[in-house]
Amino acid sequence: MARRSDHSREELYEMALDAAREIVLEVGVRGLTTRKVASRIGYSVGTLYNLFENLDDMIVHLNGRILDELHDWLVEDFRQGEPEFSLYALVESYLKFTRKNRTLWNVLFEYRFPEDQELPVWYQEKINRLLRVIERSITPLFTPDREQDRQHAAYVLWCGLHGICALSSTDKLGIVSSKSISEMAGSLITNYLAGIRSRMQPVGAAV
């Protein structure tokens with residue numbers, strides 16, 4: 001077994017999260033334990049508790065990694081253009097990510113943390129980075145002084161599109177509608193953006 005001095009704290013942190021990811025991919029998050037992670041990296045469970053408060057904290061850090069992967073995936077596929085065009089492209093990119101990384105996506109959005117556990121500030125910032133990708137798509141619809149409105153619109157769009165994608169990825173979309181995911185996402189985008197354009201139109205302007 002490796003000695004504690006064989007690796008730096010940063011190296012151990014990365015090794016632990018690599019191992020946690022591998023285990024989740026193999027047996028799912030319910031099969032993830034600190035003992036399995038410690039065994040896989042050749043260190044004691046006590047070493048892990050020098051890096052993470054508990055298993056839930058380790059999963060928070062693992063989810064932080066997954067959020068980074070999702071962000072980078074969306075940014076790589078991002079196409080600037082008309083808001084509808086950019087949002088349609090983001091939906092397709094998001095769906096590709098969920099299909100390719102179904103197990104990791106489930107950990108990210110379905111794992112339930114204890115009610116008394118507060119998510120750290122750095123974790124919320126990773127979520128905000130995702131929302132800013134949506135914001136980039138709809139920025140042309142807002143004047144610079146409507147930043148809060150733009151942020152709120154991005155949040156609502158994200159929640160709506162995520163809900164549609166979540167139903168689709170779990171094969172439950174047909175329960176609520178016979179429409180395809182593309183049709184439902186398209187309807188949400190088209191109608192929501194139409195509402196934004198209507199609200200942003202100056203009072204008295206011609207329709």
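Just checking, which of Glu92, Glu125, Glu69 is within 30 Å of Ala194 (Cβ to Cβ), among the charged types (D, E, K, R), in the same structural domain as Trp158 (by TED's automatic domain parsing) and in a helix (DSSP H, G or I)?
Glu92
Quickly run through region 138-179 and pick out the residues that are of a type in the set (Ser, Thr, Tyr), at pLDDT 90 or above and within 20 Å of the chain's Cα centre (by Cα).
Within region 138-179, Tyr155 is the sole residue that qualifies.
Tally up the residues in region 58-68 that are crowded, with 16+ Cβ neighbours inside 10 Å and either of a type in the set (D, E, K, R) or under 16 Å from Ser137 (Cβ atoms) (or both), please. Break it down into steps so the answer makes sense when it comes.
Of the residues in region 58-68, the ones crowded, with 16+ Cβ neighbours inside 10 Å are 58-67.
If we keep only those that are either of a type in the set (D, E, K, R) or under 16 Å from Ser137 (Cβ atoms) (or both) as well, we get 65.
So the count comes out to 1.
Results for (1) in contact with a strand residue (DSSP E or B) (Cβ under 6 Å, 6 or more places away or on another chain); (2) at pLDDT 95 or above; (3) part of a loop (DSSP other than H, G, I, E, B), shown as yes or no for each residue.
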position: Ala2; (1), (2), (3): no, no, yes
position: Ser5; (1), (2), (3): no, no, no
position: Phe52; (1), (2), (3): no, yes, yes
position: Leu62; (1), (2), (3): no, yes, no
position: Gln80; (1), (2), (3): no, no, yes
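Scan region 42-54 and report the pairs whose first residue is over 13 Å from Ala19 (Cβ atoms) and whose second residue is of a type in the set (A, V, I, L, M, F, W, C), with Cβ atoms within less than 9 Å and a gap of 6+ or a chain change.
Ser44/Met1; Ser44/Ala38; Gly46/Ala38; Asn50/Leu12
Between residues in region 61-89 that are of a type in the set (Lys, Arg) and residues that are modelled with pLDDT under 95, which pairs lie under 8 Å by C-beta distance while being six or more apart or on different chains?
What qualifies is Arg79/Phe85; Arg79/Ser86; Arg79/Ala89.
Could you tell me whether Glu10 is under 21 Å from the mean Cα position of the chain (by Cα), of a type outside the set (A, V, I, L, M, F, W, C) and either surrounded by fewer than 18 Cβ atoms within 10 Å (Cβ to Cβ) or over 21 Å from Pro120 (Cβ atoms) (or both)?
No.
State all residues of region 93-138 that are free of Cβ contacts under 8 Å to residues at least 12 places away in the same chain and either surrounded by 15 or more Cβ atoms within 10 Å (Cβ to Cβ) or of a type in the set (S, T, N, Q) (or both); if no residue qualifies, say none.
Result: Gln124, Asn128.
Scan region 19-31 for residues that are of a type outside the set (D, E, K, R) and either surrounded by fewer than 15 Cβ atoms within 10 Å (Cβ to Cβ) or touching a Leu at 6+ places or on another chain (Cβ under 7 Å) (or both) and jot them down.
Once the filter is applied, which keeps residues that are of a type outside the set (D, E, K, R) and either surrounded by fewer than 15 Cβ atoms within 10 Å (Cβ to Cβ) or touching a Leu at 6+ places or on another chain (Cβ under 7 Å) (or both), region 19-31 yields Ala20, Ile23, Val24, Leu25, Val27, Gly28, Gly31.
Just to verify a result, which residue in region 74-92, among those that are among the small types (Gly, Ala, Ser) and surrounded by fewer than 19 Cβ atoms within 10 Å (Cβ to Cβ), is farthest from Met184 (Cα to Cα)?
That would be Gly81.
The values are calculated or read from the model by the stated rules, or taken from the named source; none is laboratory data. A quick note: this is a predicted structure, and the numbers were derived from the prediction, not measured. FYI the Cβ positions are ideal-geometry reconstructions off the backbone, even for glycines, and counts take in every protein chain you see.
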